[in-house]
Amino acid sequence: MIESTYPHAPASASASADARLGPATAELLQSVVNVARAIFAAEAGSILLLDRATDELVFRAVSGQGQDFLVGRRFPAGQGIAGWVAASGEPLIVDDLRRNTAFDRLLAESTRYVPDALMAAPLIHGAEVLGVLEVLDPAPAARASLPELDLLSLFARQAATALQVAVSGCPGCAADGRDDPAADKRQEVARLLSDARRLLDDL
């Protein structure tokens with residue numbers, strides 16, 4: 001068990017982001033997971049958000065194994081590799097989870113998929129850790145070096161940008177985006193995701 005303390009973040013911001021996750025932001029997060037999973041040829045990928053009100057990590061986007069039933073699933077924030085990454089604010093590659101003491105096999109079994117390897121990166125906005133992006137069982141070549149981990153961290157930053165829209169969004173603004181202070185951020189997220197898809201097409 002990892003102690004669930006998050007020195008990088010204010011107490012309420014991530015809970016607000018999770019509570020205000022609307023359909024557009026959920027779609028952006030799903031796009032990030034889908035592209036990250038494809039880039040790393042992984043069996044599965046997920047974005048988990050911190051809910052500080054309950055001290056839990058929540059599956060908010062899933063691609064591949066578990067995508068039909070894991071969204072919305074919660075578990076204590078101090079558990080497993082995702083808990084370690086959220087607490088430390090550092091990305092991580094684990095090639096053999098059987099030898100990693102932070103890996104919670106019982107938790108993995110409860111999701112109906114037990115990976116052998118994974119890559120994980122924190123979703124960071126400013127100084128705040130919002131959650132974790134994971135890819136499970138990526139291709140061996142995709143987890144061979146630090147540049148690949150840097151690439152995963154780039155996708156995590158894209159997801160954090162999408163979450164910034166949720167945090168600073170304007171629920172009472174017009175649906176077409178006029179007079180919406182988050183409209184520029186949405187456009188930036190769309191541009192980042194478009195770049196990611198073009199990268200995927202070039203692979």
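Readers should treat all values here as calculations from the given coordinates under stated rules, not as data from a laboratory. Keep in mind it's a predicted model, so treat the numbers as computed, not measured. Counting neighbours? That spans all protein chains shown, and the Cβs are built from the backbone with ideal geometry, glycine included.
Within segment 55-128, the ratio Rg/Rh, alpha carbon atoms throughout and Rh by Kirkwood, equals 0.94.
A straight chain from Ala139 to Ala127 at 0.36 nm per residue would run longer than the Cα-Cα distance by 1.2 nm.
At full extension, Asp116 and Ala41 could sit 25.6 nm farther apart than now, given 0.36 nm per residue minus the alpha carbon distance. Summing +1 for each Lys or Arg and -1 for each Asp or Glu among the other residues whose beta-carbon sits under 15 angstrom from that of Phe69 gives +2.
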